[in-house]
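The structure appears right after this line, and notes come after that.
Nothing in this text is a laboratory measurement; each read-out follows from the coordinates by a stated rule. Keep in mind that this is a model prediction, so the values were computed, not measured. Every residue, glycine among them, receives a Cβ derived from its backbone with ideal geometry; neighbour counts consider all protein chains shown.
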Amino acid sequence: MSVKQISVFLENKTGSLSDMTQVLAENSIDMRAFSLAETSDFGIARIIVDDLYKTTTVLKDTGFVHTVSSVLAVAIPDVPGGLSQVLTVLKEEQVNVEYMYAFLGGKKNSAYMIFKVAGHHKAAAALTARGFRLVDQDELSEL
């Protein structure tokens, strides 16, 4: 089970991020999760949205360079050590975490994390076998 993430490449200059989010707003696209990484020359906005096809079409039509990739969305117990439990499973399975970020959801007692990992299917199977719940694209859109 995976979720599709859009990575938008932005020039690292004043207004680039604002321009991208304005395009999404003008097209009634709801971001469900968001992360921003930067270097001196460019940034990468990683987003999970409510409508993947519409978003990729809008970004293409407005000239934003982007890619789509699969990531894992995991519901984590919202308790001290909840994240550590997930990372321990990945460590034991020798699955490398390339990056991760949190997002908000409406469910009490759960935290949510997006994981980009090497060995996506292996990680999903291991987490599911250990009782962690993966969140799919439809559920994410409803949170």
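Between 0 and 90 degrees, the angle of helix 82-92 with respect to the longest Cα principal axis of the chain falls at about 80 degrees.
Which entries of Lys4/Lys54; Lys54/Lys116; Lys60/Lys122 have Cα-Cα distances beyond 25 Å here? Could you put the intermediate results ahead of the total?
Working: Lys4/Lys54 13 Å; Lys54/Lys116 23 Å; Lys60/Lys122 32 Å.
Distance filter (> 25 Å) returns Lys60/Lys122.
To the nearest ten degrees, helix 16-26 and the longest principal axis of the Cα atoms of the chain are 90 degrees apart. With the simple spin-label model, which puts each label point 7 Å out from Cα in the Cβ direction, the Glu92 to Lys60 separation comes to 4.3 nm. Between the C-alpha center of the range 66-129 and that of the range 1-19 there is a gap of 21 Å.
Treat every Asp and Glu Cβ in the chain as -1 and every Lys and Arg Cβ as +1, leave all other atoms uncharged, and give the resulting dipole magnitude about the Cα centre to the nearest 20 debye.
Details: 13 positive and 17 negative charges, 89 e Å.
Using Cβ point charges on Lys, Arg, Asp and Glu, the chain gives about 420 debye.
With the simple spin-label model, which puts each label point 7 Å out from Cα in the Cβ direction, the Leu36 to Val79 separation comes to 3.6 nm.
Give me the percent relative contact order of the range 70-142, please, defined on Cα pairs under 8 angstrom at least 6 residues apart. Walk me through the intermediate numbers first.
Working: 110 pairs, mean separation 30.5, N = 73.
Dividing the mean separation by the residue count of the range 70-142 yields 42 percent.
Here is the tail figure for the range 3-69: Cα pairs spaced more than 16 Å apart come to 38 percent of all pairs. Rounded to the nearest 10 degrees, the angle from helix 52-61 to the longest Cα principal axis of the chain is 30 degrees.
Remark on the chain: ratio of C-alpha radius of gyration to 2.2 N^0.38 Å is 1.09.
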